[in-house]
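All remarks here apply to the structure that follows.
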Amino acid sequence: MQISLKPCKDVTTVTTDCLMLIVDRSLNAEIAKAVDSASGNTISQLIKRGDFNGDVAETLYLPSVSGIKAQRLLLIGNGNKAELKDSEFDKVINAGIKEAAKAGCKDISIMLDATSVTDRKSSWQYQRISQLIITASYRYTATLSNPKSALSIHRVTLQGPNTESNRNIVQSGASIGKGINIARNLGDLPGNICTPNHLASEARALGRKYDSVTVSVLDEKKMSQLGMHSLLSVTAGTDQPARLIVIEHKGGKKTDKPHVLVGKGITFDTGGISLKPGAKMDEMKYDMCGAASVVGTMNAIAEMGLKVNAVGIIAAAENMPNGNATKPGDVVKSMSGQTIEVLNTDAEGRLVLCDALTYAGKFKPASVIDIATLTGACVVALGKHASGLFSNSDEFAAELLEQGKLAQDRAWHMPLWDDYQQQLDSNFADIANIGGPEAGSVTAACFLSRFTKDYRWAHLDIAGAAWNSGANKGATGRPVALLCQYLASKVGK
Ligand code: BES
Ligand code: MN
Ligand code: ZN
């Protein structure tokens, strides 16, 4: 995909497969007026006739228009108001991409002079379009004999000043889009392909691709030496070996403390001995979407050459119920020294994460964010629109909420009050791994909080946000955009 910027002097001479005009029904924008008069008032007549009302993301496709060099014209409504909401802007752009792709256009030109988005600069629009066009090109191909054909669009020209800073913004939008696609692809791969070892080899490939990135992979022997018996208790019932994957991006100064991302990488979650019901169990291949978001984000920030130090840690394992599997009531000792009573082997995410979070402390982090498809309760609470956000610092939580809004990848702040902690009391260990039926996503976060006392920490429960069910079943690549935006904000972007 080639995405470039160009100011528009005379719209009638723009040569492109598809000229996209974002307009209102009174054709207030100069460029729309110019096209209208060059075409003998074609547009205003269509509007008068009622063929186009200018509603948000409404499209009118005109396969040929006289008086302009562009092959086709696509009108996209801006809602007939001075400013679009940021979410509406996405709808407008996605509608445009969809129509142009349906018509098989290879090259599109987007005129933005009539768009203004509340609280967002025009450079935000460039970054957004760039990200959206890349994510629109995502196709799952790995296991299909006849995959969907590729997106026809290869070249996008944005109306805007071709400055270095705008070019960088377009580039970072593309890198984030690519990171999202990487996360989606890993999520969509089936559990028999995307194993802990597969995640490790994807991570190693990152290390080969970027000079700033180094990767190390800890095997079970090493994890046992480190005392990660909680993580290892999850992998006890499978033949697939567990891996702790560490991806370091050194973009900052040597002395800059790193920001650490910890991803839940359960490549398949059967529930273990506390076996899950059969319906929809296939979706538990997505239980590594936290890990996938770490890989996608690390790829994006390395490609952008972001001047931060960041570490991605992935706790990769498969949760299966063979004869060696951990049983309900078993007690294990975590790397932190705390003992855990495993009352339910299906609450395995927290068991792998707690040891990875203890390991994260070794990096003397500036911040730690774990990302996990942790609880069905979070899906009940928030659905798919927001990731559940928990933190031991309200200030940190507020920062992440803000970055999530900017990135159109929102989270919602959930409580982590001490009142909930007692639900994890156990008669036989320092802590139980489940907290009963009430507030399941909160008690899961409370469990993790016992292992994150030494640093600024946030937990993102992405059980709802990470994939779509039903006819559109597939990974979403969230929260790569939020994580990239957060890391970019550390260097003032
Ligand atoms: N991976 C699941 C959480 C999940 C469930 C994500 C459904 C998305 C959709 C997690 O390992 C799990 O099984 N959690 C249990 C916890 C319970 C046993 C306390 C759950 O949510 O039921
Ligand atoms: Mn589970
Ligand atoms: Zn799980």
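Exactly one residue among Ala432, Ala386, Ala407, Ala445 is modelled with pLDDT of 95 or more, in the same structural domain as Ile266 (by TED's automatic domain parsing) and within 16 Å of ligand 3 (Cβ to nearest atom), and that residue is Ala445. If you go through the range 1-21 and pick out every residue that is open to solvent by less than 20 Å² (accessible area, probe 1.4 Å) and touching a helix residue (DSSP H, G or I) at 6+ places or on another chain (Cβ under 6 Å), you end up with 5.
Screening Ala142, Ala70, Ala82 for residues that are in contact with a Leu (Cβ under 7 Å, 6 or more places away or on another chain), assigned to a loop (DSSP other than H, G, I, E, B) and open to solvent by 60 Å² or more (accessible area, probe 1.4 Å) leaves exactly one candidate, Ala142.
Going through (1) within 24 Å of the chain's Cα centre (by Cα); (2) open to solvent by 20 Å² or more (accessible area, probe 1.4 Å); (3) closer than 28 Å to Gly464 by Cα; (4) not acidic (Asp, Glu) one by one, Tyr286 falls short only on (2).
Applying the condition of being surrounded by 19 or more Cβ atoms within 10 Å (Cβ to Cβ) and among the β-branched types (Val, Ile, Thr) to the range 33-54 and asking which residue is nearest to Ser66 (Cα to Cα) yields Val35.
The sole residue among Thr238, Thr214 that is β-branched (Val, Ile, Thr), in the same structural domain as Arg350 (by TED's automatic domain parsing), open to solvent by 60 Å² or more (accessible area, probe 1.4 Å) and at pLDDT 95 or above is Thr214.
A single entry from Gly207, Gly187 fulfils the requirement of being over 18 Å from Lys333 (Cβ atoms), assigned by TED's automatic domain parsing to the domain that holds Pro321, open to solvent by less than 10 Å² (accessible area, probe 1.4 Å) and within 22 Å of the chain's Cα centre (by Cα): Gly187.
Please list, ordered by residue number, the strands (runs of 3 or more DSSP E) wholly in the range 315-416 having 2 or more residues that are among the small types (Gly, Ala, Ser), surrounded by fewer than 23 Cβ atoms within 10 Å (Cβ to Cβ) and away from ligand 1 (no atom under 16 Å from the Cβ).
Details: elements: 330-333, 339-342, 367-372, 387-391, 411-413.
Result: empty, no element qualifies.
Entry remark, the range 93-149: residues being hydrophobic (A, V, I, L, M, F, W, C) and free of Cβ contacts under 8 Å to residues at least 12 places away in the same chain number 1 in total. Scanning the range 451-481 for residues that are among the aliphatic types (A, V, I, L, M), crowded, with 24+ Cβ neighbours inside 10 Å and farther than 16 Å from Ala397 by Cβ turns up Ala463, Ala465, Ala466, Ala475, Val480, Ala481. Before we move on, is Ile193 within 30 Å of Asp90 (Cα to Cα) and among the β-branched types (Val, Ile, Thr)? When the stated conditions are applied, Ile193 does not pass them. For the range 259-283, a tally of residues being among the hydrophobic types (A, V, I, L, M, F, W, C), buried (at least 22 other Cβ atoms within 10 Å of the Cβ) and away from ligand 3 (no atom under 12 Å from the Cβ) returns 3.
Against the condition among the acidic types (Asp, Glu) and either touching a residue at least 40 places away in the same chain (Cβ under 8 Å) or more than 27 Å from Leu389 (Cα to Cα) (or both), how does Asp256 come out, does it pass?
On the way: among the acidic types (Asp, Glu): yes; either touching a residue at least 40 places away in the same chain (Cβ under 8 Å) or more than 27 Å from Leu389 (Cα to Cα) (or both): yes.
Judged against the criteria, Asp256 is a match.
Restricting to the range 315-352, name every residue that is away from ligand 2 (no atom under 15 Å from the Cβ), of a type in the set (S, T, N, Q) and within 17 Å of Asp239 (Cα to Cα). Within the range 315-352, Asn322, Asn324 meet the criteria.
The values are calculated or read from the model by the stated rules, or taken from the named source; none is laboratory data. Note that the structure is predicted; figures quoted are calculated from it, not measured. A quick note on method: Cβ atoms are made from the backbone with ideal geometry, for glycine too, and the neighbour counts reach across all protein chains shown. Areas reflect the complete protein model, heavy atoms only, side chains present, ligands, DNA and RNA absent. Shrake-Rupley method; radii C 1.70, N 1.55, O 1.52, S 1.80 Å.
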